[in-house]
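The values are calculated or read from the model by the stated rules, or taken from the named source; none is laboratory data. Only a predicted model underlies this, so the values are computations on that prediction, with no experimental measurement involved. So basically every Cβ, Gly included, is an ideal-geometry build from the backbone, and we count neighbours across all protein chains shown.
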Amino acid sequence: MKFNTKTIHGGQQPDAAYGAVMPPIYQTSTFAQATPGGHKGYEYARSGNPTRHALENAFASIENGTHGLAFSSGLAAIDTILKLLKHGDEVISTNDLYGGTYRLFTKIFENFGVKFHFIGMQNAKDIENYINDKTKLIWVETPTNPMLNIIDIVATVNIAKAHNVLLAVDNTFATPYLQRPLDFGADIVMHSATKYLGGHSDLVMGALIVKDKELADRLYFIQNASGAICGPQDAFLALRGIKTLHIRMQRHCENGKAVAEYLAKHPKIENVYWPGFETHPNHAIAITQMRGFGGMVSFTTKGNNYDEAIKIVEHLKVFTLAESLGGVESLAGHPASMTHASIPKAEREKIGVVDSLIRLSVGIEDEDDLIADLKQAIEVQ
Ligand SMILES: Cc1ncc(COP(=O)(O)O)c(C=O)c1O
């Protein structure tokens with residue numbers, strides 16, 4: 001099956017009971033047993049639920065994995081990966097990453113004795129400087145949030161395999177429509193399914209996908225033992241969202257390009273971060289591992305003025321000022337005061353998250369309306 005067909009049919013069958021084309025929402029916490037252990041595949045809904053299971057199969061299908069797991073949030077999925085580790089283990093992570101991931105690593109897992117090295121990975125060779133016999137996980141976000149850096153997945157896979165270290169890729173920004181890390185040899189793909197997979201800003205969810213049964217079993221054990229599963233209604237919504245992932249992503253890519261090109265020509269704009277520009281420092285890698293450049297665009301204004309950035313986001317009318325990304329509607333955020341406020345100012349400025357940085361999640365509205373909205377907000381006195 002090719003990708004567009006998989007988004008609609010991947011891992012799914014009409015429901016066995018009545019042939020429902022969409023998996024029914026099995027809103028139940030438990031399942032009847034004829035005799036102890038004599039059930040029809042499900043016994044308690046933390047351990048498994050048919051609606052969630054249909055979604056997990058769809059996750060596996062679109063990422064070319066063999067096993068998918070659905071969680072109550074993206075962070076719950078990341079938390080599960082980190083629970084593969086133990087006291088004394090070390091992790092090498094991208095330094096430009098979602099602030100909540102950084103917070104989970106530094107404020108929770110460091111307390112349990114896991115050590116993190118946050119490094120720039122644009123030159124994958126730099127990763128080797130931090131590998132030692134305690135390194136158990138390499139954590140990659142690509143494109144990164146919010147600077148839209150691109151990390152070379154194949155080069156990172158080669159390093160991870162040479163040192164027998166697990167490689168997890170947060171594929172939230174790209175989605176499997178644009179990039180499939182398991183195909184390049186990554187061990188785990190993670191998503192905040194809250195974003196493009198759900199696609200409609202109406203749920204919070206996480207996903208893990210792997211292609212190795214033993215690793216899938218270990219992750220499932222942690223999911224079941226810790227309990228951060230998604231509910232059946234959200235599983236249904238995510239399944240419905242995934243069915244249009246391919247056409248939504250096409251439009252996100254087109255509108256992202258139009259917005260990035262508009263901003264790049266605007267006299268008040270200093271920098272535009274979008275991996276589709278030939279001048280983007282990682283463009284050459286992007287074209288080898290992504291089939292398009294997505295709908296995320298970040299920019300700074302000349303003079304790097306905090307108040308001016310706040311004024312711009314406050315004056316947007318079609319773009320909504322809000323946390324999150326990846327929905328059909330365009331959103332704008334100010335990372336320094338919103339998504340990345342949990343990263344100390346000195347740390348975030350080192351990676352480019354300066355006071356005037358604005359991050360756009362370009363939706364699938366008419367491109368002319370988006371550009372007119374940006375124009376009026378940027379040019380407001
Ligand atoms: C790249 C990335 N990874 C992980 C997360 C966390 O996901 P969630 O908010 O679903 O817990 C986010 C949330 O914004 C994100 O942008």
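Among the conditions (1) of a type in the set (A, V, I, L, M); (2) within 16 Å of the ligand (Cβ to nearest atom); (3) in the same structural domain as Lys302 (by TED's automatic domain parsing), the only one that Leu263 does not satisfy is (2). The requirement of being in contact with a helix residue (DSSP H, G or I) (Cβ under 9 Å, 6 or more places away or on another chain), away from the ligand (no atom under 16 Å from the Cβ) and not assigned by TED's automatic domain parsing to the domain that holds Gly199 is not satisfied by Leu321. Can you tell me which residues in the stretch 232-275 are closer than 16 Å to Asp369 by Cα and free of Cβ contacts under 8 Å to residues at least 12 places away in the same chain? The one that is closer than 16 Å to Asp369 by Cα and free of Cβ contacts under 8 Å to residues at least 12 places away in the same chain: Glu261. For the stretch 310-326, the criterion of a residue being surrounded by 18 or more Cβ atoms within 10 Å (Cβ to Cβ), of a type outside the set (Asp, Glu) and within 19 Å of Leu203 (Cα to Cα) is satisfied by at least one position. Applying the selection to the stretch 134-144, what residues are more than 16 Å from Phe105 (Cα to Cα) and within 14 Å of the chain's Cα centre (by Cα)? Thr142, Pro143, Thr144 - these are the residues of the stretch 134-144 that are more than 16 Å from Phe105 (Cα to Cα) and within 14 Å of the chain's Cα centre (by Cα). Flag not set for Asp202, criterion: in a helix (DSSP H, G or I), outside the structural domain of Pro275 (by TED's automatic domain parsing) and within 16 Å of the ligand (Cβ to nearest atom). Working only within the stretch 1-35, note down all residues that are part of a loop (DSSP other than H, G, I, E, B) and closer than 26 Å to Ser73 by Cβ. Within the stretch 1-35, Gly10, Gly11, Gln12, Met22, Pro23, Pro24, Ile25, Tyr26, Gln27, Thr28, Ser29, Phe31 qualify. Determine if the stretch 210-228 includes at least one residue that is crowded, with 24+ Cβ neighbours inside 10 Å, in contact (Cβ under 8 Å) with a residue 40 or more places away in the chain and within 11 Å of the ligand (Cβ to nearest atom). For the stretch 210-228, residues crowded, with 24+ Cβ neighbours inside 10 Å, in contact (Cβ under 8 Å) with a residue 40 or more places away in the chain and within 11 Å of the ligand (Cβ to nearest atom): absent. Just one residue in the set Lys134, Lys211 is among the charged types (D, E, K, R) and closer than 16 Å to Asn64 by Cβ; that residue is Lys211.
Selection of the stretch 132-186 for residues being under 20 Å from Ala216 (Cα atoms) and part of a loop (DSSP other than H, G, I, E, B) yields Asn164, Val165, Asn171, Thr172, Arg180, Gly185, Ala186. At least 1 residues being charged (D, E, K, R) and within 18 Å of the chain's Cα centre (by Cα) is the threshold, and among the strands (runs of 3 or more DSSP E) wholly inside the stretch 274-381 those reaching it are 358-361.
All of (1) more than 14 Å from the ligand (Cβ to nearest atom); (2) crowded, with 24+ Cβ neighbours inside 10 Å; (3) in contact (Cβ under 8 Å) with a residue 40 or more places away in the chain hold for Phe184 with one exception: (2). Before we move on, is Gly303 surrounded by fewer than 21 Cβ atoms within 10 Å (Cβ to Cβ) and small (Gly, Ala, Ser)? Here the answer is yes, as Gly303 does meet what is asked. Applying the criterion of being out of contact with any strand residue (DSSP E or B) (no Cβ under 8 Å at 6 or more places or on another chain) and touching a residue at least 12 places away in the same chain (Cβ under 8 Å) to the residues of the stretch 353-371, the residue that is surrounded by the most Cβ atoms within 10 Å (Cβ to Cβ) is Val353.
Scanning the stretch 16-27 for residues that are free of Cβ contacts under 8 Å to residues at least 24 places away in the same chain and surrounded by 10 or more Cβ atoms within 10 Å (Cβ to Cβ) turns up just one, Ala20. Only one of (1) in contact (Cβ under 8 Å) with a residue 60 or more places away in the chain; (2) touching an Asp or Glu at 6+ places or on another chain (Cβ under 7 Å) is not met by Arg46, so which one is it? Only one criterion is unmet by Arg46, namely (2). Restricting attention to the stretch 187-209, the residues that are of a type in the set (Gly, Ala, Ser) and surrounded by fewer than 24 Cβ atoms within 10 Å (Cβ to Cβ) total 1.
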